[in-house]
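In what follows, a single structure is set out as structure tokens and then discussed.
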Amino acid sequence: MKRLFIYTLLLPLWAAFSPRYSAQTPPPQAVVHAVLFYSPACGHCQMVINNTLLPLIDQYGDQLSMVGIDVTTSSGSALFSAALQYFNLETSGVPFLVIGDTYLVGSINIPQQFPGMVEAYLAQGGVDWPAIPGLAETLVGAQTAHETETAATASAAGSTPTASSAAAPTETPGLQLTGAEHSGLSARFTRDLAGNSLAVIVLAGMLVSVAGAALAWRAKPALQSGGPAPASTWRWLIPLLCLVGMGVAGYLSYVEAAEVEAVCGPVGDCNTVQQSKYAHLFGILPIGILGIIGYILIMLAWAGARFGQGRLAAYAHLAMLGLSAFGVLFSIYLTFLEPFVIGATCAWCLTSAIIMTILLWLSLAPARVSYRSLNQTTIKPSAKT
């Protein structure tokens, strides 16, 4: 009986330490880690997040862990530059996704290739965070900030945060978007200081031009009705500028339709602007297409003024001024968005804005002559442009 009691006492200890009876530690779960560089104003980024990444996170749960880096912040821009240098790239647009030692760019490549890569890496046992310089510190800082925010929220609610709640992402489970709360006006503007400063200069020039054109229109006419025609050089400068503008708008339309990287030059970040939600009018019509239509209409109005007679030529002059004025006003709106909302400047867009401003001044004087002619009892042939 005594021996039976001893066996009964030792049996739980033996079972606890015996390899045969001890609980087997389950193998670690395969997890795929990926980094998405994005911009809050990027329409393609939102498309990738909502249509591709979030459904994948719902599908794989804890096996897919992602962090989104806002490139419009100073820290996000620095980390994005480090990622480009890591892959030996001079420039790139967003969305820019990194998984393992591979990067994917755009709203076509990411949806097409990323799901299959997740499956492949899970079959291989998962993949760690990319070895981008500075990424580890960013992840630690984001996690610390989130834990502090979680503790503060729980303290305000009168509860104690649990370990699981403290470790949860601040946004959607599996996709933690960092830096968005710090993307203020100053951070957006300083991200591309040279390009955005140039945009402000062009914006100021357009505002002064609009005010000057309005004052010139209201001023007393310096020319008699049907006054001398402009010089031959100025006469043909309008269609030449329209052709250049159509080339610029056509190139931007090609970049948007083909989803390729724009050649922007040493100043500005054309790709960020082109991939923003403001690159489409009402979310449908690309701004480049709208620009092509505008330049074609101005050229048609110039042809009517150049080769038409009487009222036709007069109305064509007024139409040319009206179209140019609308183009300048719309360019003012777009140029304002670049440094102050998007945080990036498109050199091609500034070129189109300058062209529109020149067209406004070239069409102003002939339009004034035509307007006075239309207000007279007898319509005289207006000046040719």
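The values are calculated or read from the model by the stated rules, or taken from the named source; none is laboratory data. Here the structure is a predicted model, which is why all the values come from computation and not from measurement. All Cβ positions, even for glycine, are placed from backbone atoms using ideal geometry, and neighbour counts span all protein chains on display.
Table: residues versus (1) touching a strand residue (DSSP E or B) at 6+ places or on another chain (Cβ under 7 Å); (2) surrounded by 14 or more Cβ atoms within 10 Å (Cβ to Cβ).
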| residue | (1), (2) |
| --- | --- |
| ASP70 | yes, yes |
| GLY76 | yes, yes |
| ALA82 | no, yes |
| GLY93 | yes, yes |
| PHE96 | yes, yes |
| TYR103 | yes, yes |
| GLN112 | no, no |
| ALA123 | no, no |
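To keep it simple, each residue is scored yes or no on (1) under 28 Å from ALA136 (Cβ atoms); (2) modelled with pLDDT under 85.
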| residue | (1), (2) |
| --- | --- |
| ARG3 | no, yes |
| LEU11 | no, yes |
| PRO26 | yes, yes |
| ALA30 | yes, no |
| ASP58 | yes, no |
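Tell me whether the range 272-293 contains one or more residues that are farther than 30 Å from THR72 by Cβ, at pLDDT 90 or above and not hydroxyl-bearing (Ser, Thr, Tyr).
Step one: list which residues in the range 272-293 are farther than 30 Å from THR72 by Cβ, which gives 293.
Filter once more, keeping what is at pLDDT 90 or above: 293.
Narrowing the set further to residues that are not hydroxyl-bearing (Ser, Thr, Tyr) leaves 293.
Yes: one or more hits.
Tally time: how many residues in the range 85-116 are of a type outside the set (S, T, N, Q) and either touching a Lys or Arg at 6+ places or on another chain (Cβ under 7 Å) or farther than 27 Å from LYS277 by Cβ (or both)?
The first filter runs over the range 85-116 and keeps only residues of a type outside the set (S, T, N, Q), leaving 86-87, 89-90, 93-101, 103-106, 108, 110-111, 114-116.
With either touching a Lys or Arg at 6+ places or on another chain (Cβ under 7 Å) or farther than 27 Å from LYS277 by Cβ (or both) added as a condition, the list becomes 86, 100-101, 116.
Looking only at that region, the number is 4.
How many residues does the range 176-214 contain that are of a type in the set (Val, Ile, Thr) and at pLDDT below 85? Spell out the reasoning first.
To start, the set of residues in the range 176-214 that are of a type in the set (Val, Ile, Thr) comprises 178, 190, 200-202, 208, 210.
This time we only want the ones that are at pLDDT below 85, so: 178, 190.
Adding up the residues that qualify gives 2.
Looking only at helices (runs of 4 or more DSSP H) that lie completely in the range 37-107, which have at least 2 residues being under 23 Å from PRO133 (Cβ atoms)?
Numbers: elements: 43-48, 54-60, 74-86.
Hits in the range 37-107: 74-86.
Just wondering, is there one or more residues in the range 294-316 that are of a type in the set (A, V, I, L, M), more than 17 Å from LEU362 (Cα to Cα) and free of Cβ contacts under 8 Å to residues at least 40 places away in the same chain?
Start the filter on the range 294-316 by keeping residues that are of a type in the set (A, V, I, L, M), which leaves 296-301, 303, 305, 312-314, 316.
Now drop any that are not more than 17 Å from LEU362 (Cα to Cα), which leaves 312.
Narrowing further to those that are free of Cβ contacts under 8 Å to residues at least 40 places away in the same chain: 312.
Within the range 294-316 (the criterion being of a type in the set (A, V, I, L, M), more than 17 Å from LEU362 (Cα to Cα) and free of Cβ contacts under 8 Å to residues at least 40 places away in the same chain), the answer is yes, since at least one residue qualifies.
Inspect all residues belonging to the range 345-354 and state whether any of them is polar (S, T, N, Q), surrounded by fewer than 22 Cβ atoms within 10 Å (Cβ to Cβ), under 24 Å from ALA204 (Cβ atoms) and assigned by TED's automatic domain parsing to the domain that holds ALA204. Steps first, please.
As a first pass, look at the range 345-354 and keep what is polar (S, T, N, Q): 345, 351-352.
Applying the additional criterion that residues be surrounded by fewer than 22 Cβ atoms within 10 Å (Cβ to Cβ) yields 351.
Those left that are additionally under 24 Å from ALA204 (Cβ atoms): 351.
When the remaining residues are screened for being assigned by TED's automatic domain parsing to the domain that holds ALA204, the result is 351.
Yes; the residues of the range 345-354 include at least one that is polar (S, T, N, Q), surrounded by fewer than 22 Cβ atoms within 10 Å (Cβ to Cβ), under 24 Å from ALA204 (Cβ atoms) and assigned by TED's automatic domain parsing to the domain that holds ALA204.
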